[in-house]
């Protein structure tokens with residue numbers, strides 16, 4: 001039986017992703033889950049999406065959506081400027097555009113939605129289409145994988161998508177379900193309460209936070225749920241750690 005492997009919050013750190021994939025030595029019978037936030041802030045969002053989409057084709061990897069993919073998709077499909085401005089000015093969209101060879105100045109914000117300004121063959125258009133196909137969670141008998149978290153008071157299948165992508169404190173502090181929840185979205189140093197600890201966070205209420213803050217100089221983690229093991233790569237060195 002293969003392993004269930006989960007990775008989250010790559011944020012354009014393609015070199016770290018490659019180093020981590022080399023470290024885990026993916027096998028044909030492994031189940032690989034990517035839990036969102038492939039883009040923004042880091043320098044190689046396009047390359048990250050190229051890689052994870054390729055793994056979906058060749059290995060059957062599951063790609064979940066993160067809040068940053070939702071933000072980027074909204075920036076290009078909205079009929080008003082606020083989502084674009086939020087993505088560019090707050091979320092690291094400039095770096096994502098640059099990874100596609102684009103600039104903010106390439107887009108006319110008086111001609112919306114911006115998606116229609118992308119050539120039909122542009123790789124960013126293809127990636128936006130791929131993002132639209134991404135799911136929001138994967139549930140097994142004993143564990144749920146999700147980007148942001150779950151509503152402690154709602155059944156999973158009744159939880160709004162925005163909650164699955166965005167929830168933080170209410171989930172971190174209030175979850176009391178029987179299944180373990182593996183999530184990203186919130187860098188683990190915030191959960192540990194110290195900026196120096198970017199290790200995987202194991203909450204006392206069956207929550208496991210695997211966002212190691214890779215784009216903030218921390219770590220990129222892969223949780224091997226099957227064997228309860230963690231593989232990690234350090235941001236500065238991109239050398240996998242045991």
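Throughout, read-outs are computed from the coordinates displayed, never taken from laboratory work. Predicted model only: the values in this text are computed from it and were never measured. Cβ placement follows ideal geometry from the backbone for every residue including glycine, while neighbour counts extend to all protein chains displayed.
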- prompt: Can you give the percent of C-alpha pairs in the stretch 153-242 whose distance is more than 23 Å?
  reply: 26
- request: Name the shape class, rounded, prolate or oblate, that the alpha-carbon gyration tensor gives for the stretch 32-74, where a ≥ b ≥ c are the square roots of its eigenvalues, rounded holds for a/c under 1.5, and otherwise prolate holds if a/b is larger than b/c and oblate otherwise.
  value: oblate
- request: Obtain the nm distance between the two label points defined at residue 132 and residue 156 by a simple spin-label model: each point lies 7 Å from its Cα along the Cα-to-C-beta direction.
  value: 2.7
query: So how tilted is helix 45-59 from the main axis of the chain? Cα-based, degrees 0 to 90, rounded to 10.
result: 60
statement: Of all DSSP beta bridges with both partners in the chain, the antiparallel percent, nearest 5, is 50
field: Values of log10 I(q)/I(0), in the order q = 0.07, 0.13 Å⁻¹, for the chain under a Debye, Cα-only, solvent-free model
entry: -0.22, -0.77
- prompt: How high is the FRET efficiency from residue 226 to residue 74, r the C-beta distance, R0 35 Å, rounded to 0.05?
  reply: 0.50
statement: In nanometres, the difference between 0.36 nm per residue of separation and the alpha-carbon distance of residue 139 and residue 195 is 17.1 nm
Value of [θ]222 nm, deg cm²/dmol, for the chain, DSSP H segments ≥ 4, -39500 (n - 2.57) each, nearest 500: -9000 deg cm²/dmol
- prompt: Which of 95, 57, 85 comes first, and how do the rest follow, when ranked by fewest Cβ neighbours within 10 Å?
  reply: 57, 85, 95
- prompt: Using the 10 angstrom Cβ neighbour count as an exposure proxy, how do 176, 221, 59 rank, fewest first?
  reply: 176, 59, 221
query: Taking other Cβ within 10 Å of each residue's Cβ, how do 45, 99 sort, fewest first?
result: 99, 45
- request: Obtain the nm distance between the two label points defined at residue 105 and residue 168 by a simple spin-label model: each point lies 7 Å from its Cα along the Cα-to-C-beta direction.
  value: 3.5
message: If you fit an axis through the alpha-carbon atoms of helix 14-24 and take the longest principal axis of the Cα set of the chain, what angle between them do you get, 0 to 90°, nearest 10?
response: 30
query: Can you give the Kirkwood hydrodynamic radius of the stretch 114-160 from its Cα pairs, in Å with one decimal?
result: 13.4
The chain, relative contact order in percent, only Cα pairs under 8 angstrom and at least six apart counted: 22
